[in-house]
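Asks: Dropping the structure in here first, questions after.
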Amino acid sequence: MIADVQKEILSLKKEKDFCILAHCYQTPDILEIADFTGDSFALSTKAMDVENKNILMCGVRFMAETVKIFSPDKKVWLSKPDAGCPMAEQLDIDSLRKLREQYPDHVVVAYVNTTAELKTLCDVCVTSSSAVQIISNMPEKKILFIPDCNLGSYVQKQVPDKEIVTINGGCPVHSSLTAEDVRKAKAAHPTAQFLVHPECIPAVVEMADYAGSTTGIMDYVAKSDCREFIIGTENSIVQHLQLAYPEKMFYPLSKHCVCPDMKLTSLTDVLSVIKGHAGEEINMSEEMRIQAKKCMDRMLELGK
Ligand code: 13P
Ligand code: SF4
């Protein structure tokens, strides 16, 4: 059944000129039919290099918006209109205006997990894989980092010469992981290395052997001689790593670390979007797109 749907998708996507992008948190049946898979950073820029008329993002809304910002002439589709990132919607534009007034001499750095509307008021955008590098490359010292206070405080520790102000925002999935979860997992697997995403709370990140983005964690495993790992990020990464390295053992830090929004898209949804029966085409005014693109262009410049 899965194989039949996958076969139909593979043939229809050619006929209808679709390129399928899938975030690593999607299920393996979707990753298998995607043209490109990756973390937020890889996906945000990938569509610029492809010729297809249609781009289908299997992920959450801000990811489809970032594709549209960089590729205005393509039709960009979000697989499930309800798939949003709760963190991206924690701060509204009026609250950000007030924050800018409160911190007039700070540069506003936005995590890519923000709406396109919010990006119009930000100076620089970062992803989890590029935040440390970009912020260290910035000439400015005073930074207002939105919305993830955990990623903000992780960057502050890596780049101590900057003054980073954070707000009360973050990923509900990653910040649900606790230091007690780490103590229990380490007691159960004493020889395992502990790898964590910087969206987790500082008390958890401090206990890690390595902290990094989705791709960073997967690259770390590829290079490590260790045979056992405790994974402190969304549990699909545990599944992908186990498939990629069957000779190693991967343990989720908590069985509850699952992003419900990332799991909304099913393989049959992908087929329905390509058939024109489902999904949402992402549209925004050209004024908003151009203004939102400025902080993303700066991300690309500073990330070089
Ligand atoms: P990355 O893909 O940049 O690691 O971010 C993880 C995440 O939570 C995406 O929403
Ligand atoms: Fe947003 Fe967290 Fe889900 Fe990523 S894992 S989409 S940051 S809620």
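Values in this text are rule-based calculations from the coordinates and carry no lab data. All of these numbers come straight from a predicted model, not from anything done at the bench. Methodologically, a virtual Cβ is constructed for each residue, glycine included, from the backbone with ideal geometry; neighbour enumeration extends over all protein chains shown.
Asks: Scan around residue 126 for amide H atoms under 5 Å from its own, H built in the peptide plane at 1.01 Å from N, and keep only partners 5 or more places away or cross-chain.
Replies: It is 110, 111, 112, by chain and number.
Asks: If you find the alpha carbon centre of the range 159-182 and of the range 241-304, how far apart are they in angstrom?
Replies: A separation of 21 Å, based on Cα centres.
Asks: Also, I was wondering about something else. Write out the GluC sites (Glu not before Pro) in the range 261-291 meeting two conditions: DSSP loop, and at most 13 other Cβ atoms within 10 Å of their Cβ.
Replies: Numbers: sites: 280, 281, 286, 287; in loops: none.
In loop regions of the range 261-291 (DSSP not H, G, I, E or B), there are no sparsely surrounded GluC sites (Glu not before Pro).
Asks: Could you state the principal axis extents of the C-alpha atoms in the range 39-103, from the largest down, to the nearest angstrom?
Replies: Extents along the principal axes: 44, 23, 20 Å.
Asks: Over every pair of different alpha-carbon atoms in the range 175-214, take the mean of 1/r and invert it; report that Kirkwood radius in Å.
Replies: Working: mean 1/r = 0.0983 Å⁻¹.
10.2 Å is the Kirkwood radius here.
Asks: Hey, another quick one. Among the trypsin sites (Lys or Arg not before Pro) in the range 139-205, which ones are in a DSSP loop with at most 15 other Cβ atoms within 10 Å of the Cβ? Mind listing them?
Replies: Values: sites: 141, 142, 157, 162, 183, 184, 186; in loops: 141, 162.
Those satisfying the criteria are 141.
Asks: How big is the shadow of the Cα convex hull of the range 69-211, averaged over all directions, in nm²? Kindly include the intermediate steps, with their values, before the conclusion.
Replies: On the way: hull surface 42.4 nm².
Here the figure is 10.6 nm², rounded to one decimal.
Asks: Which number do you get for Rg(Cα) / (2.2 N^0.38 Å) in the range 146-237?
Replies: Working: Rg = 13.4 Å, N = 92, 2.2 N^0.38 = 12.3 Å.
For the range 146-237, the normalised Cα radius of gyration comes out at 1.09.
Asks: Net charge within 13 Å of residue 125 by Cβ-Cβ distance, Lys/Arg positive one each and Asp/Glu negative one each, not counting residue 125 itself?
Replies: With Lys, Arg at +1 and Asp, Glu at -1, the net is -1.
Asks: Quick one: if you take sqrt(5λ) for each eigenvalue of the C-alpha gyration tensor of the chain, what semi-axes come out, biggest first, whole angstrom?
Replies: Numbers: eigenvalues 170, 154, 47 Å².
Value: 29, 28, 15 Å, ordered largest first.
Asks: Something else about it: What translational D, rounded to a whole number of µm²/s, comes out for the range 205-304 from Stokes-Einstein when the hydrodynamic radius is the Kirkwood one over Cα pairs, at 4 °C and 1.567 mPa s? Write out the running numbers ahead of the final one.
Replies: Details: Rh = 17.2 Å.
Once the numbers are plugged in, D ends up at 76 µm²/s.
Asks: Right, next: When only C-alpha pairs under 8 Å and at least 6 residues apart count, what is the relative contact order of the chain, in percent?
Replies: On the way: 588 pairs, mean separation 66.9, N = 304.
So the answer I get is 22 percent.
Asks: Just want the answer: with Cβ charges of +1 for Lys and Arg and -1 for Asp and Glu, which residue in 222, 288, 189 is farthest toward the dipole's positive end in the range 188-304?
Replies: Selected residue: 222.
Asks: Still on this structure, please answer the following. Given the range 131-192, report the % of alpha carbon pairs whose separation exceeds 13 Å.
Replies: Within the range 131-192, distances greater than 13 Å cover 67 percent of Cα pairs.
Asks: Another question about this same structure. Are any of the pairs 13/223; 14/68; 119/223; 141/294 more than 26 Å apart by Cα-Cα distance, and if so, which?
Replies: 13/223; 119/223
Asks: Next question. Calculate I(q)/I(0) for the range 1-93 by the Debye formula, one identical point scatterer on each C-alpha and no solvent, and give its log10 at q = 0.11, 0.12, 0.25 Å⁻¹ to two decimals.
Replies: -0.31, -0.36, -1.38
Asks: What is the Cα radius of gyration of the range 26-75 over 2.2 N^0.38 Å, N being its residue count? Spell out each step's value before the answer.
Replies: Numbers: Rg = 10.4 Å, N = 50, 2.2 N^0.38 = 9.7 Å.
Ratio of Cα Rg to 2.2 N^0.38 Å: 1.06.
Asks: Restricting to the chain, compute how many DSSP beta bridges are antiparallel as a %, nearest 5.
Replies: Numbers: 2 of 35 bridges.
The answer is about 5 percent antiparallel.
Asks: Based on Cβ point charges of +1 for Lys and Arg and -1 for Asp and Glu, what charge dipole magnitude is obtained for the range 156-304 about its Cα centre, in debye rounded to the nearest 20? All intermediate terms of the calculation are to be shown ahead of the outcome.
Replies: Working: 16 positive and 20 negative charges, 52 e Å.
The calculated dipole for the range 156-304 is roughly 240 debye.
Asks: Taking the Cβ of each residue in 196, 159 as the centre, tally the other Cβ atoms inside 10 Å and list the residues starting with the fewest.
Replies: Placing the least packed residue first, the sequence is 159, 196.
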